[in-house]
Amino acid sequence: MKVYQGMKTIHKTLSTLTLLTLSAIALAQAPIVRQPPPPDQQQAQPSDQQQTQPYQAPPPPPPADAQQQQQQGPPPPPVAPQQLDQLVQRIALYPDPLLAQVLTASTFPEQVPEAAGWAHEHATLTGDPLAQAIQSDNLPWDPSVLALLPFPSVLDMMAHDPQWTSSLGNAVLSQRSDVMDAVQRQRRAAHDYGYLSSNPYDTVVDNGGYLEIQPVNPAYYYVPVYSPAVVLYAPRPGFVIATGIRFGPAITIGPAFGVFGWYGAGFGWGGHTILIDHRPWGRTYYNRGVYVHPYAHPYVRPVGPRVEVHEHGGERRH
């Protein structure tokens, strides 16, 4: 009997030890679940919470265009179509290459008055001698302004109305497509009333709904002289339509002027593109301080100050 009771006691002890061992193993393998701290301690552990947050990089800097907008301010308010029509009326009937040069030069209005003065002083020079004088004088202006030096009447018009020139330049920088559409509206009106048509100086072509004006001979340009109040409205009874547009003297634009953008100057009307030297003109309101046009045949301005080393007007300038 004693032996039996002893064996029973040993069996109970072993069972108890087995249960304790299994419980310990189960606890060791169970995941540890952290309980949130009591409400009165949640405010006291901000550093621990920050350490458990994943690292967040600072926001990237704004794009270059946005930085330029912040530095240069917003563009001028948009100009309504009717106002744009009035703005381009006086130049809308210029041949395409000359019009393209006027639009791009208007984006440098501060350079126009001095350029107009130089052109007036050198009005006796034409052709290659004029091109040589432009380069030898080491003039500091943008090539789009230099391109108009053979056209003193055009520069005079721009210089004597600086507000118009500045407004046109801002519109070209901010609303290029709208400006080109306004030109087409004025051309269409003059064409429909019979004033704008091919003549001995220019060829007028309707190209897919866009009226293009090209010089008959690309080496000779004739600046049209007209009154917008006449050619853009229905003719009065008895008015001779052929007298609505007159033309100035021939202006020679030879190969020497190619470096000022005259190679391939014009428009891609359907894409609202201004082309200077076969390249799209990409100057806008925001990049106007740094934009350099990628001329295919760039004008290389000599290093040094502006000078005058040639003869004109019967005297030699130094």
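The values are calculated or read from the model by the stated rules, or taken from the named source; none is laboratory data. Quick caveat: nothing in here was measured; it's all calculated off a predicted structure. With ideal geometry, Cβ positions are generated from the backbone for all residues, glycine too; neighbour counts draw on all protein chains shown. Only protein heavy atoms, including side chains, enter the accessible area calculation; ligands, DNA and RNA are left aside. Shrake-Rupley method; radii C 1.70, N 1.55, O 1.52, S 1.80 Å.
Give just the number: which of (1) part of a loop (DSSP other than H, G, I, E, B); (2) farther than 27 Å from LEU87 by Cβ; (3) not hydrophobic (A, V, I, L, M, F, W, C) does GLY289 not satisfy?
Tallying (1) part of a loop (DSSP other than H, G, I, E, B); (2) farther than 27 Å from LEU87 by Cβ; (3) not hydrophobic (A, V, I, L, M, F, W, C), GLY289 fails exactly one: (2).
Check every one of the helices (runs of 4 or more DSSP H) wholly within segment 141-182 and list those with 1 or more residues that are among the β-branched types (Val, Ile, Thr), touching a helix residue (DSSP H, G or I) at 6+ places or on another chain (Cβ under 9 Å) and more than 18 Å from PRO224 (Cβ to Cβ).
Values: elements: 143-146, 152-160, 162-174.
The qualifying helices (runs of 4 or more DSSP H) are 143-146, 162-174.
Somewhere in segment 272-285, is a residue at pLDDT 95 or above, on the phi > 0 side of the Ramachandran plot and in contact with a helix residue (DSSP H, G or I) (Cβ under 8 Å, 6 or more places away or on another chain)?
Yes, because at least one residue in segment 272-285 is at pLDDT 95 or above, on the phi > 0 side of the Ramachandran plot and in contact with a helix residue (DSSP H, G or I) (Cβ under 8 Å, 6 or more places away or on another chain).
Is it true that ALA100 is open to solvent by less than 10 Å² (accessible area, probe 1.4 Å), part of a helix (DSSP H, G or I) and either in contact with a strand residue (DSSP E or B) (Cβ under 6 Å, 6 or more places away or on another chain) or hydroxyl-bearing (Ser, Thr, Tyr) (or both)? Spell out how you get there, then give the answer.
Working: open to solvent by less than 10 Å² (accessible area, probe 1.4 Å): yes; part of a helix (DSSP H, G or I): yes; either in contact with a strand residue (DSSP E or B) (Cβ under 6 Å, 6 or more places away or on another chain) or hydroxyl-bearing (Ser, Thr, Tyr) (or both): yes.
Criteria met by ALA100.
State the number of residues belonging to segment 138-175 that are open to solvent by 10 Å² or more (accessible area, probe 1.4 Å), of a type in the set (Gly, Ala, Ser) and within 17 Å of the chain's Cα centre (by Cα).
Going through segment 138-175 one residue at a time, the tally reaches 3.
Name the residues in segment 197-213 that are closer than 21 Å to HIS272 by Cβ and out of contact with any Asp or Glu (no Cβ under 9 Å at 6 or more places or on another chain), would you?
Looking only at segment 197-213, we keep the residues that are closer than 21 Å to HIS272 by Cβ, and these are 204-213.
Within segment 197-213, ASN207, GLY208, GLY209, TYR210, LEU211 qualify.
I'm trying to understand the selection: among the residues of segment 218-227, which are more than 19 Å from LEU275 (Cα to Cα) and either loosely packed, with under 14 Cβ neighbours inside 10 Å or in contact with a Leu (Cβ under 9 Å, 6 or more places away or on another chain) (or both)?
Those that are more than 19 Å from LEU275 (Cα to Cα) and either loosely packed, with under 14 Cβ neighbours inside 10 Å or in contact with a Leu (Cβ under 9 Å, 6 or more places away or on another chain) (or both): VAL223, PRO224, VAL225, TYR226, SER227.
Pull up segment 240-263, narrow it to residues that are in a loop (DSSP other than H, G, I, E, B) and open to solvent by 60 Å² or more (accessible area, probe 1.4 Å), then point me to the one that is nearest to PRO97 (Cα to Cα).
Within segment 240-263, the subset in a loop (DSSP other than H, G, I, E, B) is 240, 244, 248-250, 253-254, 261-263.
Now drop any that are not open to solvent by 60 Å² or more (accessible area, probe 1.4 Å), which leaves 240, 249, 263.
Working: VAL240: 28, PRO249: 17, TYR263: 9 Å.
Restricting to residues being in a loop (DSSP other than H, G, I, E, B) and open to solvent by 60 Å² or more (accessible area, probe 1.4 Å), the top hit is TYR263.
With the requirement that a residue be crowded, with 20+ Cβ neighbours inside 10 Å, closer than 14 Å to VAL307 by Cα and more than 28 Å from the chain's Cα centre (by Cα), what does segment 123-137 give you?
Step one: filter segment 123-137 for residues crowded, with 20+ Cβ neighbours inside 10 Å, giving 125, 130-131, 133-134.
Adding the requirement that they be closer than 14 Å to VAL307 by Cα leaves 133-134.
Matches in segment 123-137: ALA133 only.
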